[in-house]
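S.K.: One structure, as structure tokens, below. Some questions next.
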Amino acid sequence: MPSPYGPSSNLWVLLGLGVASIFLMTRRMRRRALKEDFGAFVERLQLLPPPPPAPPKAPHPLNGLTFAVADIFDIEGYVTGFGNLDWARTHESAARTAPIILALVDGGATCIGKTIIDELAYGMSGENKHYDTPTNPTVPERVPGGCSSGSAVAVASGLADFSLGVDTIGGVRIPGAYCGILAFRPSYASVSNLGFVPVSPSLDTIGFFSKDPNVLRRVAYLLIQAPYSGLRQPRNIFIADDCFELLKIPTSRVTRVLINSVEKLFGKKLLKHLNLGDYLSSKLPSLKQLQNGKKNGDSKSTLLSLAKAMQSLYNHEFRNNHEEWISSTKPALDPFISAQINRLADDNLALDCCQSAREESRLALNALLKDEGILVLPTVLGLPPKLNAKELSSEDYLNHTFCLSAIASMSGCCQVTIPLGLFEKCPVSVSFIARHGGDHLLLDTIQTMYAILQEQADIASMSNFSKSSITNEESAEIAKEKGNVAYKDKQWQKAISLYTEAIKLNGKNATYYSNRAAAYLELGSYLQAEADCSSAINLDKKNVKAYLRRGTAREMLGYYKEAIEDFKYALVLEPTNKTANLASNRLKQLFQ
């Protein structure tokens, strides 16, 4: 049947279909081109290493590896874009290449390109209106993290064996966590800071990414110039319980992997629980001035104050470096970045406090960790936020994220982000921190533990964790461990509350009653202590501590005969127990 619009109409329809198909094909091709590098690169290039030495000389340490660098580093003949088109337009090509890049190339690695960063290296999401947002290869609908987003994506997607970024307030650690790869921030000033655009010089630290702990270690040893030697092992592993309370996913999903791994490798004795905020509160007197005289016993307030000090220092130094350029060029900055930059108040006293807090935090962490200690805490609050999510501009979200990143940024300690599989199809991670200068120990610990951590992470991922899947027994054990920390800190009432929580969750564990009895004894609540010990003994007839504590409570209540019986029974169970022996002999002498 002929067209009612005439023959020419058919021609236009065919032409229209042809144009539409070409348009769709073009769009598909563009998408395919983007997927090839996940939008990670600003510019592709090649810096080739020197030829490998002839045998019998050893090959270059990084022979055969490829790497990418964030577009904050200088490469001779290329403009350093700093994540902003106006910056690229108003700056000349670099006259020389950053020393760190030359060291890597001389070490045998090939540089393959420059990667996208957050605008002016100022964000933490990886979103950039000038160059678009690199695609997170693990979860494309979520942000890759910033500021070194492109470098993280280049490694996570397999386009490079390792990559460089700059970590000021989390710019390497956060994208490492969001993309599910290793991310290392060395000790402050252990790697040369020459040859890149400064952000905040007292916090800026060159960091790097890799999927492979062996590659990470090889790169780190070359850059920090550490001699190879036998693997060192930690003697203490501190779990920062209050930091894990900030997590927005089940704490057990991360801590179980860690605890199981440590116990399999080293046994239980290495693990210690710590309230980091409480520890730091007495070690960082400068923070009290930033709290405006407010007295707050919550350990979170110390971590928030440290985060505030870091942000103030960061803003102040950024403006010192770049305010003149911003004023003269008037670049079209992202409104959120403009708001963050303009938050700084001209308060020299506050700035002095921030700088003092930086020095105090290093001393405090070094005193805690010494030469053989590792501190464990979350890298980020939880899963990577979705693209354009409101939480990315939420002050509460940023502050709590900075509570975690400020610990290494302010102390200058070295930190590594370690992937621990997936939760709800998104990457989860944990961070290890060693003292400033403890890079050797940290790298060796990762080398030793990485395989077992991944094994345990796979088990956890396959078990399909959810908030409802955490058993009462697991929650009770967490409450008990927190109670032990409170007890050691002589916070008797807090310890009692936590042991009570453990008993409510699992009333069949004798240890919980016995531990609560110990706290009651410290408060002079002898009747409650006696009752708890009796409950513990009913559950476990061989609980020596319960007999000792009930004996002590009965002695204080004047039930001397019953107390002697308790101490005697404790000696039957444990003949060498000095406490039971001394108490029993003391009471016998009173009644002879």
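S.K.: For the chain, what proportion of DSSP beta bridges, expressed in % and rounded to the nearest 5, is antiparallel?
M.R.: Antiparallel: roughly 65 percent of the beta bridges in the chain.
S.K.: Please list, by residue number, every one of the GluC sites (Glu not before Pro) in region 420-513 that is coil in DSSP and has at most 15 other beta-carbon atoms within 10 Å.
M.R.: Those satisfying the criteria are 424.
S.K.: Further, regarding this structure: Can you give the relative contact order of region 472-590 as a percent, counting alpha carbon pairs under 8 Å and 6+ residues apart?
M.R.: Averaging sequence separation for qualifying contacts and normalising by length gives 16 percent for region 472-590.
S.K.: Given a cut-off of under 8 Å on Cα pairs at least six residues apart, what relative contact order in percent is computed for the chain?
M.R.: Relative contact order comes out at 12 percent.
S.K.: Related question: For the chain, what is the mean residue ellipticity at 222 nm derived from helices alone (per DSSP H run of n ≥ 4: -39500 (n - 2.57); sum divided by total residues; nearest 500 deg cm²/dmol)?
M.R.: That calculation yields -16500 deg cm²/dmol at 222 nm.
S.K.: Using +1 on the beta carbon of Lys and Arg, -1 on that of Asp and Glu, and nothing else charged, what's the dipole of region 472-590 about the Cα centre, debye to 20?
M.R.: My answer is approximately 320 debye.
S.K.: If you don't mind, another one. Give the longest segment of the chain that steers clear of chymotrypsin sites (Phe, Trp or Tyr not before Pro) in DSSP loops with at most 14 neighbouring Cβ atoms within 10 Å, not counting the sites themselves.
M.R.: In the chain, the maximal stretch lacking such sites is 229-590.
S.K.: Continuing with the same structure: Which residues' amide hydrogens lie under 5 Å from the amide hydrogen of residue 420, considering only partners 5 or more residues apart or on another chain, with H built in the peptide plane?
M.R.: Answer set, sorted by chain and number: 428, 429, 430.
S.K.: In the chain, with Lys and Arg counted as +1 and Asp and Glu as -1 at Cβ, which of these residues, 378, 511, 537, has the Cα nearest the positive end of the dipole, that is, farthest along it?
M.R.: After comparing all options, I get 537.
S.K.: For region 224-238 and region 513-546, what is the separation of their Cα centres, given in Å?
M.R.: Centre-to-centre (Cα) distance: 42 Å.
S.K.: Okay, next question. In region 57-112, which trypsin sites (Lys or Arg not before Pro) fall in coil by DSSP and have 14 or fewer other Cβ atoms within 10 Å?
M.R.: Here the sparse-neighbourhood loop sites are 57, 96.
S.K.: I would also like to ask the following. Using the Cβ atoms and a cut-off under 11 Å, what net charge is assigned to the surroundings of residue 206, where Lys and Arg are +1 and Asp and Glu are -1?
M.R.: Within the 11 Å Cβ shell, the charges total -1.
S.K.: Could you order the peptides 355-363, 150-158 from most to least packed, using the average number of other C-beta atoms within 10 Å per residue?
M.R.: The packing order, highest mean first, is 150-158, 355-363.
S.K.: Moving on to the next point. Taking region 401-550, how much of its Cα-Cα pair set, in percent, is spaced more than 18 angstrom apart?
M.R.: 69 percent
S.K.: Under a point-charge model restricted to the Cβ atoms of Lys and Arg (+1) and Asp and Glu (-1), what is the dipole moment magnitude of the chain relative to its Cα centre, in debye to the nearest 20?
M.R.: Here the size comes out at about 1680 debye.
S.K.: Once fully extended, how much extra length lies between residue 263 and residue 578, figured as 0.36 nm per residue of separation less the alpha-carbon to alpha-carbon distance?
M.R.: Separation in residues times 0.36 nm, less the Cα-Cα distance, equals 110.4 nm.
S.K.: For region 49-127, state the semi-axes of the equivalent ellipsoid (square roots of 5 times the eigenvalues of the alpha-carbon gyration tensor), sorted largest first and rounded to whole angstrom.
M.R.: 31, 14, 8
S.K.: Let me know the shape class of region 486-561, please: from the alpha-carbon gyration tensor, a ≥ b ≥ c as square roots of the eigenvalues, rounded when a/c is under 1.5, otherwise prolate if a/b is greater than b/c, or oblate.
M.R.: The shape class here is oblate.
S.K.: Please work out whether region 345-404 counts as rounded, prolate or oblate from its C-alpha gyration tensor, where a ≥ b ≥ c are the square roots of the eigenvalues and a/c under 1.5 means rounded, while otherwise a/b larger than b/c means prolate and anything else oblate?
M.R.: Taking the square roots of the gyration eigenvalues as a ≥ b ≥ c, region 345-404 is oblate.
S.K.: Would you mind checking the radius of gyration and Dmax of the chain based on alpha-carbon positions, in Å?
M.R.: 29.3, 126
S.K.: Compute the distance in nm between two label points, each set 7 Å from the Cα along the Cα-to-Cβ direction, one at residue 388 and one at residue 44.
M.R.: 2.9 nm
S.K.: Which listed residue (97, 252, 171) has the Cα farthest towards the positive end of the charge dipole for the chain, taking +1 on Lys and Arg C-beta and -1 on Asp and Glu C-beta about the Cα centre?
M.R.: It is 252.
S.K.: Return the FRET efficiency for the residue pair residue 527, residue 248: r is the Cβ-Cβ distance, R0 is 45 Å, and the value is rounded to the nearest 0.05.
M.R.: Once the sixth-power term is evaluated, E becomes 0.60.
Taken together, the values in this text are just the output of simple stated rules run on the coordinates, not laboratory data. On a predicted model such as this, the values are computed, not experimentally measured, just so you know. Because the Cβ atoms are built from the backbone with ideal geometry, glycine has one as well, and the counts that use them run over all protein chains shown.
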